[in-house]
Amino acid sequence: MTAPMPLLAVEALTKHFPSGTRDKPVRALDGVTFTVRRGETFGLVGESGCGKSTCARTIIRLYQPTDGRIRLDGTDITSLSQRQLRPFRRRMQMIFQDPYASLNARMTVRDIVAEPLAVHESALPKAEVTERVELALSQVGLSREHLLRYAHEFSGGQRQRIGIARALILHPELILCDEPISALDVSIQAQIVNLLRQLQEDLDLTYVFIAHDLSMVRYMADRVGVMYLGQLVEVADAPALYSHPLHPYTQGLLASVPVPDPAADLVARPPAIEGDVPSPIDPPSGCRFRTRCPLARPICGEASPALTDTGDGHEVACHLYGGPGQSPDHPSTTTTSDHQNHLGGNPT
Ligand code: SF4
């Protein structure tokens, strides 16, 4: 039986920006490939500057890709003109990170939420526009009383609800959520995440959920892609990724998540990642993670590891792993001792 066509397929997606100071471009996104199945949440995680947001903005064509392909429901939308793109753009919407900056302070809530209708359904009668806006507001827990108020009159959580209502008004299938909770107070984050989950269930939505908070992605995502310096280094079902991370970067990221009992944790987990992310203008040769990887070996500087399926759809880009099945030197788990031995330290 053939697998159903993914709603979104991203193939070797690349986005370079002029660096301004040198001939070399900023390699914000370099050959990223993944698919998103209809109805699922695909989480994208990684440190700041790893290319997550650039990936979302390139998918939705806010940025023109430098190379690669974007397919929405099987149709290649990579090179469509803005006019050709219009019917596809209404099927995918975006929720932005900063609800303070993404809402126009001079517009009423009604006009902010109705804005996409003015572009995509400009012939809609005014009364119907208001009806659609009221419906979208009710879906996010706001009411018609909020229609004529301005964004500055709302809290951060309410502003993000307005942003979500604006994303919903065209009845999209795919929503790219670009760190939708990171600018909010912790107490509000759970409300917004629960709202997104409820909307997904009610409206059959598909999400790409971008975050640097691994615990929130674990709660939201069915599958997770881990990005480092413009590339995907690991993709897996969320339970597999969190219980059995393969890539040393993923292992380090997970080790950075605070736990209630740090003393017990020292024995069980590898050390957190040290050092800074290298410049995307001049990334390391071979594996881009090699300058921070405690398991790096000579081959890591010579060849870039391809994202390879190690079985059950768990993909990893690392020379420690072979293709289907595992290479002889595959470390089925990497322990604190492995890292410390490599670094010359003594396990405590
Ligand atoms: Fe580390 Fe080498 Fe794997 Fe890169 S390829 S993550 S440097 S072991």
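A single member of 241, 205, 214 is in contact with an Asp or Glu (Cβ under 9 Å, 6 or more places away or on another chain) and within 28 Å of residue 320 (Cβ to Cβ), and it is 241.
Here's the yes/no breakdown for (1) open to solvent by 30 Å² or more (accessible area, probe 1.4 Å); (2) at pLDDT 95 or above:
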position: 273; (1), (2): yes, no
position: 276; (1), (2): yes, no
position: 279; (1), (2): yes, no
position: 282; (1), (2): yes, no
position: 286; (1), (2): no, yes
position: 289; (1), (2): no, yes
position: 294; (1), (2): no, no
position: 300; (1), (2): no, yes
position: 305; (1), (2): no, yes
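Of the strands (runs of 3 or more DSSP E) lying entirely inside segment 34-128, those carrying at least 3 residues that are buried (at least 20 other Cβ atoms within 10 Å of the Cβ) are 41-45, 92-95. Of all residues in segment 314-324, those satisfying the criterion of being open to solvent by 40 Å² or more (accessible area, probe 1.4 Å) and either of a type in the set (Lys, Arg) or more than 12 Å from the ligand (Cβ to nearest atom) (or both) are 315, 324. Every condition in (1) within 21 Å of the chain's Cα centre (by Cα); (2) assigned to a loop (DSSP other than H, G, I, E, B) holds for residue 157 except the one numbered (2). Of all residues in segment 236-250, those satisfying the criterion of being open to solvent by less than 20 Å² (accessible area, probe 1.4 Å) and under 19 Å from residue 36 (Cβ atoms) are 236, 238, 241.
For segment 1-31, a residue qualifies if it is of a type in the set (A, V, I, L, M) and in contact with a strand residue (DSSP E or B) (Cβ under 7 Å, 6 or more places away or on another chain), and the qualifying residues are 7, 8, 9, 10, 12, 13, 26, 28, 29.
Of all residues in segment 135-147, those satisfying the criterion of being open to solvent by less than 50 Å² (accessible area, probe 1.4 Å) and not in a loop (DSSP other than H, G, I, E, B) are 136, 137, 146.
The values are calculated or read from the model by the stated rules, or taken from the named source; none is laboratory data. The model shown is predicted, which means the values in this text are computed figures rather than measured ones. So basically every Cβ, Gly included, is an ideal-geometry build from the backbone, and we count neighbours across all protein chains shown. Surface areas here come from the heavy atoms of the whole protein model, side chains and all, with no ligands, DNA or RNA. Shrake-Rupley method; radii C 1.70, N 1.55, O 1.52, S 1.80 Å.
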